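First the structure, in the form of structure tokens, and then the observations on it.
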Amino acid sequence: MSSPIGCAVVGYGPKHNFGWAHSAWIEATPDLRLVAVCDIDPERTTAAKRAFACIRTYNHVPDVWEDDEIDLVSIVTPHFTHCPLTLEAFAAGKHVVVEKAMCLNVEDATAMIEAGKRSSRMLAVHHNRRHDGNFRRIKQIVQSGAIGEVFHIELSAGGYGEPDSGWYREKHKSGGAFFFWGPHAVDWALDLIPQRIVGVSGFFHKLLWHGMSNEDQTRAIVRFENGTVADITWSHLAAVRKPLWRILGAKGGILDPGGGGNVGYEKQINGPSGGSLTLVTYGEDGRHEQEVPYMESDWHTYWQDIADHLLRGGPVPVSGEFGRRVIGILEAAERSSRSGQTEEAPYE
Ligand SMILES: NC(=O)c1ccc[n+]([C@@H]2O[C@H](COP(=O)([O-])OP(=O)(O)OC[C@H]3O[C@@H](n4cnc5c(N)ncnc54)[C@H](O)[C@@H]3O)[C@@H](O)[C@H]2O)c1
């Protein structure tokens, strides 16, 4: 394959402007070239053509598979379409970047991984929020040893209210309430704690928002082999909020209130994050507390890594196997919520 690699974005949705973001990231990567955007809704391809004048647009996905100038497709469609579109893309000989949530269950994730291997094509999951400025700062602090050995992580997001309409509310299309933000949170926790998972406990609640089939609140408590615990909650029923991140180490802790500082890629593809977190450390001279600014978000790095993999043999930024591990935890949490027992995650 030679540079620039011909790319297509499939799904140019209005909700988060995320087909635009994928297109803009591709356009900003010298080794990649945006050839086409496809969406089954003609209004959305008209919007894409307005933003990227030189592209072809398609409203029929098989046209993408037949376009020989396209080697890489980026799938930015509703969750329930991720597996079938990925399988079709591999059958057509394309490389695939698929948005999170990778798919609805582990069985589909395995089918996607195996199809990629059979066709000798790349499968990468778009866990781009590893590049958020707050997460980059948190990872840097944890890896520096400043708070000692991390043994407890809490991640919490959401609010109080029914989510807006559409497929995101329908469990058979979305995967459930955990599948929008949850994959980011699980990905962060796994990236921070490179340990085997020994069990997952889940607590799912359905009390109030009966107009949607998604759960009202979902929580997963993940136990790692070294005893570290990650406690991840997404809520539509959080009348009282928690900080986004609370991390405890043997010699200190990190509190990140969150609050939107990292949200921005709907309008820009890299950017200052504009927030800070509280770092507390304990040393021989007692307690120290400081505000530490977030780092810059470098979402675009993900796309250069994709190009480096395809052109120069570098690692896949987030492999299908890693994406499946994330889905496995969400699935185990739901199983545990039903069984009342701690469940094994299928991929440790
Ligand atoms: N990584 C992130 O930070 C982040 C942020 C926002 C959204 N997302 C992900 O992006 C994906 C899309 O979300 P969204 O908010 O843009 O949804 P959306 O509903 O706004 O857009 C989906 C688009 O896909 C189109 N579509 C549906 N089925 C299709 C098909 N079979 N072929 C072609 N087009 C099809 C629809 O017409 C629509 O325009 C989801 O996986 C979501 O989780 C990720």
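Brief remarks on what is shown
- Each principal axis of the Cα atoms in the chain has its own extent, and those three values, largest first, are 63, 43, 36 angstrom.
- Other residues lying with their Cβ under 12 Å from the Cβ of Glu331 contribute a combined charge of -1, Lys and Arg counting +1, Asp and Glu -1.
- Shape of the range 202-348, Cα gyration tensor, a/c cut at 1.5: rounded
- Three-way shape call for the range 86-235 based on the alpha-carbon gyration tensor, with the a/c threshold at 1.5: oblate
- Set of lysines near Lys49 by C-alpha distance (under 24 Å), chain-local residues within fewer than 8 positions excluded: Lys15, Lys94, Lys267
- Fewest-first sequence of Thr45, Thr228 by Cβ atoms within 10 Å of each Cβ: Thr228, Thr45
- Listed by chain and number, the aspartates and glutamates placed with their C-alpha closer than 15 angstrom to that of Lys206 are Glu162, Glu170, Glu215, Asp216, Glu334; residues fewer than eight positions away on the same chain are left out.
- The chain - share of DSSP beta bridges that are antiparallel (%, nearest 5): 60 percent
- Against the chain, whose longest principal axis is taken from its Cα atoms, helix 106-118 shows a tilt of about 50°.
Throughout, read-outs are computed from the coordinates displayed, never taken from laboratory work. Nothing here was measured: the structure is a model prediction, and the numbers come from that model. When we count neighbours, we look across all protein chains shown, and the Cβ atoms used for this are built from the backbone with ideal geometry, even at glycine.
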